[in-house]
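Have a look at the structure below before the remarks.
Every number here is computed from the coordinates shown, using simple stated rules; none is lab data. Since we're looking at a predicted model, the values are computed, not measured. Here the Cβ is made from the backbone with ideal geometry for all residues, glycine too, and neighbour counts use every protein chain on show.
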There are 2 protein chains.
Amino acid sequence: MPGIRAQALAGLPEVRPGDDLAGLIASAADGDAGTLRDGTVVAIAHKVVSKSEAALVALADVSPGARALELAADTGKDPRHVQVILDESVELVRAERGVLICRTRHGFVCANAGVDTSNVPDSDTLVVLPRDPDASARSLRARLRELTGLQLGVLITDSFGRAWRHGQLDVALGLAGVAPLDDWRGREDSQGLVLVATWLAVADAAAAAADLAREKDSREPVVLVEGLERYVSEDDGPGAAALLRAREEDLFL
Amino acid sequence: MPGIRAQALAGLPEVRPGDDLAGLIASAADGDAGTLRDGTVVAIAHKVVSKSEAALVALADVSPGARALELAADTGKDPRHVQVILDESVELVRAERGVLICRTRHGFVCANAGVDTSNVPDSDTLVVLPRDPDASARSLRARLRELTGLQLGVLITDSFGRAWRHGQLDVALGLAGVAPLDDWRGREDSQGLVLVATWLAVADAAAAAADLAREKDSREPVVLVEGLERYVSEDDGPGAAALLRAREEDLFL
C-alpha cells in the first residue's frame, strides 16, 4: 500500500466571477513540477467555485420578508443575510442560538444553508453554494482534461457541522470521476472468514483529509490528493448527490 | 506546506488478549525504516485495542433478558448479541430495520453500540469497544514513548454512520497527545480582513484520512499519519471525549 498524500496547491490567485478556475488550477499545478497525474483527486473548497460561477448575492439587492425579519431578531443576524439563507433553503431544520440549520435546495443539511461571508473582500457580498455542485465538478473535470490530458477526479468541498459530535469536517458537495461510496457490506475479508460491515464514505473521507493539508488562514482552496486512484473512474459517476440520505431512512436522527 | 501523508503499517501480527500492542506496533514500524518520528500520529483501529485489552464477550456466557429477546425478534439478530449491545448502551436511540442505534456508556452514538463480530476468528466471540478509549490511548502513547523515545500522537478509531449522509467515516474514539479540535472561530484570516468561522474536528479528520490509507480486507489496523505535527503536544490533552456534543446542545438533530 502506497498510502495517501494530500498537499495544498500553492500559487492560486484570488478567484473572481467569470474566471476559468480549471485554467487557474492547471497553471498553478504546472509551476509545481509533476503535481498532477492520472488519478489525482483535485479537492476544491466550494467558495472559489461559487466565486468563479458568480454564485454571489449583494446585500443591497435583498429585501427581507417577514420571516427573515423575525428570524433576524431572534438570531442577531442582518435580516437581508437571513433572507438569502431562506432563499437557499427548502427547510429550516432548527433556528437557535444565532444558528440556522437548513436543508438546502440541493438537500444538504448545514448551518446557514452554506451562505458565507468569510474570505469575501467585500463584506456586503455573500457567497452561496454552487447552483449544482455535481455539474460544476463535471465541468471542471472536463476542462482540466482538456488542459492537461489527464484523468483526474474533482471533489468540491465545504465544512459542515454534524450531529452528536463537536467541530466541523469537510464533506463532498460536488463530485466527478470519484466514487462517492465504497460498499463492502456483505463481502468477506481477506481470509474469507467473516463478513465486513463497512460502507465507506470515500468522498467525504477524502474531503476531510484534504482539509487537514491546508492552514485555515492561508487561502489555499485547492488540495491535491494522491493515492485514491482505485476510486477514480473514466466516467463521471453518480456525484456527491449519492451521499444524501433521505430523511425517512435516517436512523441517526 | 508539506501536506499530510497516511500509510498503513505492514507486518503487524494478529493481536491477542494480553498482547503488548504498543510493542507490536514499535516492532512492525522498526522493520519499515524511519516510519516513526516525533509528531507522527499513530491511528489504530479500535478492534485491535479491544482485543489486546480482552474487551471480548463470549456469546456462551450471555443470558438475554426480556428486552433483548424482544429486540432480537424485531431485528433478526441473536438475542445474546442484542443483550451485549444493550449492556454497552445507556440509551437506545433507534431500533429499526435490523439496526440498533445506541448511545454507548462512553457517550458515542453509533450502530450496535460498536459491538462487532467482523475480523474475529471465533465467531462466538464479540468485540466490544475499549472500556475507556482515551485511557487506552494514553497508555499506548506512554508505552510507545518508552519503547521509541519519540513524542507520538495516538488516535483510536472506529467507523461510524452519521445523520443526513450515507456511508461511514472513521472517527476518534480515543486520543492522546493530539488536539481533538482546532478552533478558528472569531480569528481573522491571513490578511486580517474577515473572520474565519471554522471549528475543525482535527482528530476525526485524521481518522477519516487514515482509513483511506488501508484496504478494508487487508487487515491493516494501524496507519501512520504524518504532517499533523502542529496538533501533537507534549501533554496528552483532553482526549476524544472532548468531541462529544451534549444532546441538549445539538442543533443538528
### Query
Got a sec? How would A:Ser52, B:Ser50 order by Cβ neighbour count within 10 Å, fewest to most?
A:Ser52, B:Ser50
### Summary
Rg/Rh over Cα atoms for the protein assembly as shown, Kirkwood Rh, comes to 0.97
## Note on the structure
With the label set 7 Å along Cα→Cβ, A:Gly31 is separated from its counterparts in the other copies, in nm and shortest first, by 4.4
### Query
Over all residues in A:245-251, what is the mean tally of Cβ atoms on other chains that come within 10 Å of each residue's Cβ?
5
### Query
To the nearest 0.05, what FRET efficiency results for B:Glu215 and B:Leu150 with a Förster distance of 41 Å applied to their C-beta separation?
0.95
### Query
Fully extended, how many nm does the chain gain between B:Glu96 and B:Ala66 (0.36 nm per residue separation, minus their Cα-Cα distance)?
9.0 nm
### Task
Compute the relative contact order of chain A as a whole-number percentage, counting only Cα pairs closer than 8 Å that sit 6 or more residues apart in sequence.
26
### Query
Scaled to the compact-protein estimate 2.2 N^0.38 Å, what is the alpha-carbon radius of gyration of the range B:56-127, rounded to two decimal places?
1.01
### Query
A:Ala54 versus A:Arg187, label points 7 Å from Cα toward the beta carbon: distance in nm?
4.5
### Task
Taking a label point 7 Å out from Cα toward Cβ, give me the nm distances from B:Gly65 to the same spot in the other copies, shortest first, one decimal.
5.1
### Label 7 Å beyond Cα on the Cβ vector: B:Glu234 copy-to-copy distances, nm
5.8
### Task
Let me know the longest stretch in chain B that avoids all GluC sites (Glu not before Pro) found in a DSSP loop with at most 13 other C-beta atoms within 10 Å.
B:15-214
### Summary
With bins of 5 Å, the percent of all Cα-Cα pairs of the range A:7-57 per bin from 0 is 4, 20, 30, 23, 14, 7, 1, 0
### Karplus 3J(HN,Hα) series, Hz, for the range A:99-106 with 6.51 cos²θ - 1.76 cosθ + 1.60 (x for Gly, Pro)
10, 10, 9, 10, 9, 6, 5, 7
### Query
Is the shape of chain B best called rounded, prolate or oblate, per the rule: a/c under 1.5 gives rounded, else a/b larger than b/c gives prolate, else oblate, with a ≥ b ≥ c the square roots of the Cα gyration tensor eigenvalues?
oblate
### Message
Per-residue Cβ counts within 10 Å, from other chains only, averaged over B:167-178: what number is that?
### Response
4
